[in-house]
1. In the range 354-399, which residues are polar (S, T, N, Q) and either at pLDDT 95 or above or part of a helix (DSSP H, G or I) (or both)?
2. With the checklist (1) more than 25 Å from the chain's Cα centre (by Cα); (2) surrounded by fewer than 18 Cβ atoms within 10 Å (Cβ to Cβ); (3) not basic (Lys, Arg); (4) not in a loop (DSSP other than H, G, I, E, B) in hand, flag the one item residue 445 doesn't pass.
3. In the range 96-128, what count of residues is obtained for those that are open to solvent by 40 Å² or more (accessible area, probe 1.4 Å), touching a Leu at 6+ places or on another chain (Cβ under 8 Å) and in contact (Cβ under 8 Å) with a residue 60 or more places away in the chain?
4. Tell me the residue from 302, 354 that is surrounded by 17 or more Cβ atoms within 10 Å (Cβ to Cβ) and among the charged types (D, E, K, R), please.
5. Restricting attention to the range 383-393, does a residue exist that is more than 26 Å from residue 154 (Cα to Cα) and either among the aromatic types (Phe, Trp, Tyr) or more than 26 Å from the chain's Cα centre (by Cα) (or both)?
6. Within the range 171-180, does at least one residue satisfy the condition of being open to solvent by less than 20 Å² (accessible area, probe 1.4 Å), of a type in the set (A, V, I, L, M, F, W, C) and part of a helix (DSSP H, G or I)?
7. Do we have any residue at all in the range 386-409 that's touching a Ser or Thr at 6+ places or on another chain (Cβ under 9 Å), under 26 Å from residue 293 (Cβ atoms) and not β-branched (Val, Ile, Thr)?
8. What pairs can you find where one residue is in the range 391-405 and in contact (Cβ under 8 Å) with a residue 40 or more places away in the chain, the other is assigned to a loop (DSSP other than H, G, I, E, B) and among the β-branched types (Val, Ile, Thr), and their Cβ atoms are less than 7 Å apart, with a gap of 6+ or different chains?
Amino acid sequence: MSNKGDETTDNKSHFLTAAEKMQANLGPALCLAKWKQVSLHLPTGLNNSCYHPPLHRINIEDIGRNPSALHNTEHKKQQRQLMLAGTKPAECQYCWNMEDQNKLSDRHYRSGEPWAAVDFEKIKNSQGSEDDIIPSYVEVNFNNACNLKCSYCSPQFSSSWQQEMERDGAYPTMVPHNAPEHFVGDRKPIPAREHNPYVDAFWSWWPTLYPELEHFRMTGGEPLLDKNTYRVFDYVLANPSAKLHLNVTSNFSVEPKLSEKYFDYVKQLCNGRIEHFMQYVSLDSGVPTQAEYIRAGMEFDRVKSNVHNYLTNIPSYNSLTFIITMNNLSVTGLQPLLEWILQLRQQHSSTYQRVWFDTPVLRDPAWQSLQILPESYVHKLEQVRDWMLTHLETASTPFQGFKDYEVQRLDRDIAWMRSAQHQDHAQARADFYRFFSEHDRRRGTNFLETFPEMKSWWAECEYHARAS
């Protein structure tokens, strides 16, 4: 997706048009993200091409000889060969399911973006086991340091979760959740204070990787707490790149002193040093108490203040994207969040779109999935989608309304949610009650006070928990 605008042709965005073109040209199995994109999870030495396939292990011996093996793993090369042969890798089942429902999948969207599409012919005609590929789009988390304990997260991505598990043990779901004994050996994140060979390999690879980068995104954990974030910033400031889109995902809930340090860096970066800076903000509800419940430790007012600071005081070469992880606690607070996003667009988007959002679905843990909610919640999301359709961006209101693919993506979430309505969700519903009952006990929260509109749902989950 272009960060500086998404012009339309015949009332259709270029982003959607590019995805539809790739839908027609990719064939049954090819996805350019397997070559051109990588997500690196360096605290645990894991890798995937996007967030849909399961993470797989990076061979520590390989990166000692060749740091690009952080991306070009043997596993990924095997998946590339399958795709080139027209075989759909099982690990990409989410996209195949979407396509079976006649929806555009993320392989169409990702492959249609310029940083991937430029190499379409080269990749289509390759062998899959060719020389190592330098990706154009890289996401990395350097360590799991984080000040929040989001309900669907784990010790692998949050040191606060890790501390809670070591102190209080697992949650009493049917399969004990976040059990300390699970996070041992190579499943245990390497602490930031200890030597990490995967981080060493990254910095060895960085001088080769950097000139080819078009998108570089730092995630976490919480990147604002990570010294490597500022090491990247210092490198970019010393080596400006006119094509680089530099992106950071944050909960925007860190202490003010650290926020000030971070914003000072961003101002320097947005002074002509890069093509664009994208600030991703993780937020799952527009109802403050519900947002804080989902993401324990978050301060909603602090998030709003930091969003305002960013959009007001860093006026050029940048935009902001809300990452709304669609889980079953997001449904009732989604429209208030989208209403705020519309307000921000009207306030801060004039010559290009500065305020974006995405609605990726949560698939694990199962008890927080959209799919276990009853049909009435499907209707709630359909009502939000229909409301979005009444606020579409038009040629006369550029950057002010919703974009066609934003509606399409929510519609895709609805289709995925509805596809499981006839399955047996008794166990997941029982685990929902067990997990959030324990959540309330440990964290001093109260589900029914926070989500009074979900009273019937809570009672149903309690029934399943007591019956099992």
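1. Within the range 354-399, 359, 368, 369, 371, 376, 383, 390 meet the criteria.
2. For residue 445, the failing item is (4).
3. Residues that pass the stated criteria total 2.
4. Just a single option satisfies the conditions, and that option is 354.
5. yes
6. No, the range 171-180 contains no residue that is open to solvent by less than 20 Å² (accessible area, probe 1.4 Å), of a type in the set (A, V, I, L, M, F, W, C) and part of a helix (DSSP H, G or I).
7. The answer is yes, given that some residue of the range 386-409 is touching a Ser or Thr at 6+ places or on another chain (Cβ under 9 Å), under 26 Å from residue 293 (Cβ atoms) and not β-branched (Val, Ile, Thr).
8. 401/394
The values are calculated or read from the model by the stated rules, or taken from the named source; none is laboratory data. This is a predicted model, so every value here is computed, not measured. Neighbour counts run over all protein chains shown; Cβ positions are idealised from the backbone, glycine included. Please note that ligands, DNA and RNA were not included when accessible areas were found on the heavy atoms of the full protein model with its side chains. Shrake-Rupley method; radii C 1.70, N 1.55, O 1.52, S 1.80 Å.
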